[in-house]
Structures are given as structure tokens and as C-alpha cells.
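Peer 1: What follows is a single structure, and I will ask about it in a moment.
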Amino acid sequence: MTAPACRLYLITPPRIDDPQAFAAVLADALQGGDVACLQIRLKDASDAHIAEVVAALAPVAQARDVAVILNDRPDLAAKLGCDGVHVGQSDMGCAEARKLVGKDRIVGVTCHDSRHLAMEAAEAGADYVAFGAFFDTATKDAPTRAEPEILTIWQETMQIPCVAIGGITVDTAAALAAAGADFVAVSAGVWAHPDGPKAAVAAFNGELRSE
């Protein structure tokens, strides 16, 4: 199966009370189609709970060639065997995160609606940059609103992949892919989909492959 030019980047729900139960949900969702990454994003969880979630989810994702990215915590990403880390502008800098995770792991950086921040991240060694939010999102308080044009300009001028994030649904994914997103990052658009996560992954893949 050939992967689409723009791929799905899954983000976990903000809270996972039962990691083993969610691992089963994830396994079913990943049967819906191509997924590039799974970002484990648990903002208020303890280190012990994050470790428990990673232990439950990473084998499920990695067995299907889905990279496991831990949000915010490069120290834990390295310790727990994740494939990479994603850091925000208020978190640790890209260069420092790289020192902690090593040269072989992925480092992604939130760049909001700023090409300047994205270029700084690229120069610091980021593997990808994330722009957003493009739409209203209930998952987090998005401080900025990005326009699809930033994806087009980035694609025309830079080689480092870009991720579109923020309130993306099946109905809006294709337009962001067409604008130049290499990945679309989705949380509620998959986990809260009325037909279930597996159907959502299939639907996103259908839209992304249409580009």
C-alpha cells in the first residue's frame, strides 16, 4: 500500500485513565489505514502514569511502523524508548531537546503561525515543524490562528516537513494537504468521530489520498 503524500499524525486524548483499554482502542483505530505518528500528549499526568501509557501504547504503534512521539518531555522520551519528542515554544528549546533524545530520535517543534519560529527550529535541527491552530479546537487553548497559506509558503521554501494542527476534521483535512501539509495532526477528529476511531482513520486516509 502506497502512503499518501500527506499522512495522518494521531494525537492521544488529553486523558487516558486505563492505558490497557485505550491500547485496544488504538489497535483497532490503526487498522483503519495509514498513520505516520502517534503523539502521546498527557499534559497533567505524573511521570509514572506517562510511563504506564507509553508501555501500553508504544508496542501497539511501533508494531505497525507508527512512530511514537512524546509531548513535552525529551527526558522521558529517551528513557521510555519513544521514537521522538514534540516540544512547544514554552517548553525546552529544540537544541536542548536534541541533546537529551540523541541524534537518532525525532524532534518536532510547535511554531504556531510563525515562519520565523519555524526557520529557527529548522536551523536548530528540528525534524519537523508544526503550524496551527487552523480551526477551533477543544483539545487545547490555541494561542494563534494559522492560515493555510503558511503551509504553501513553507513547502515552496523549505525542505523540513510541516504538520498542520488544530481542530482538523475529515472535512477540512484535504484542503490543508492541498495547501502543503506533509502531515495533519488530529485528536478529537479521530477519537470522537461518530462512527468510531477506525472509521475516522479510514475516512482521513480517503481524503488525504484524494490529493
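Just so it is clear, none of the values below were taken in a lab; they were calculated from the coordinates. Keep in mind it's a predicted model, so treat the numbers as computed, not measured. Virtual Cβ from ideal backbone geometry, glycine too; neighbours counted across all protein chains shown.
Peer 1: Among Cys162, Ile150, Val101, flag the residue with its Cα farthest along the positive direction of the charge dipole of region 7-209, charges on Cβ as +1 for Lys/Arg and -1 for Asp/Glu.
Peer 2: Val101
Peer 1: Can you sort Thr172, Thr110 by how many other beta carbons sit within 10 Å, fewest first?
Peer 2: Thr172, Thr110
Peer 1: Expressed in nm², what is the orientationally averaged projection area of the convex hull enclosing the Cα positions of the chain?
Peer 2: Averaged projected area of the chain's Cα convex hull equals 10.5 nm².
Peer 1: Please find the FRET efficiency linking Arg15 to Asp65, where r is the Cβ-Cβ separation and R0 is fixed at 30 Å, and quote it to the nearest 0.05.
Peer 2: My answer for the efficiency is 0.65.
Peer 1: Using just the helices of the chain, give the 222 nm mean residue ellipticity in deg cm²/dmol: DSSP H runs with n ≥ 4 each add -39,500 (n - 2.57), and the total is spread over all residues, rounded to 500.
Peer 2: Here the helix-only value at 222 nm equals -12000 deg cm²/dmol.
Peer 1: While we're here: At what distance in nm do the modelled label points of Glu149 and Arg209 sit from each other, each positioned 7 Å from its Cα along Cα→Cβ?
Peer 2: It works out to 3.4 nm between the two label points.
Peer 1: What does the extension gain come out to for Ala175 and Ala124, with contour length at 0.36 nm per residue minus their alpha carbon separation?
Peer 2: In short, 15.4 nm is gained.
Peer 1: Test of understanding: ordering Ile16, Ile165 by Cβ neighbours within 10 Å, fewest first, what list do you get?
Peer 2: Ile16, Ile165
Peer 1: Add +1 for every Lys or Arg and -1 for every Asp or Glu among the other residues with Cβ under 12 Å from the Cβ of Arg64, and state the total.
Peer 2: Summing Lys/Arg as +1 and Asp/Glu as -1 gives -3.
Peer 1: Among Arg115, Arg15, which comes first, second and so on when ranked by fewest other beta-carbon atoms within 10 Å?
Peer 2: Lowest count first: Arg15, Arg115.
Peer 1: Could you work out which residue, out of His193, His49, His116, moves most in a Gaussian network model of the chain, that is, has the largest mean-square fluctuation with Cα springs under 10 Å?
Peer 2: His116
Peer 1: Each residue of region 168-177 in order: what ³J(HN,Hα) in whole Hz does its phi give by Karplus 6.51 cos²θ - 1.76 cosθ + 1.60, θ = phi - 60°, with x for Gly and Pro?
Peer 2: Going residue by residue, I get 6, 10, 4, 6, 10, 5, 4, 5, 6, 4 Hz, with x marking Gly and Pro.
Peer 1: What's the local net charge at Ala51, with K and R +1, D and E -1, over the other residues with C-beta under 13 Å away?
Peer 2: Charge balance in the 13 Å sphere: -1.
Peer 1: Shifting gears a bit: What chymotrypsin sites (Phe, Trp or Tyr not before Pro) in region 141-211 are in a loop by DSSP, with at most 13 other Cβ atoms within 10 Å of the Cβ?
Peer 2: When the chymotrypsin sites (Phe, Trp or Tyr not before Pro) of region 141-211 are filtered for loop state and at most 13 Cβ neighbours within 10 Å, nothing remains.
Peer 1: Past the 22 Å Cα-Cα mark, which pairs from Lys79/Lys99; Lys43/Lys103; Lys103/Lys198?
Peer 2: Violating the 22 Å Cα-Cα cut-off are Lys43/Lys103; Lys103/Lys198.
Peer 1: Further question on the same structure: Sort 74-85, 22-33 for me by packing, meaning the mean count of neighbouring Cβ atoms within 10 Å per residue, highest on top.
Peer 2: Packing proxy ranking, top to bottom: 74-85, 22-33.
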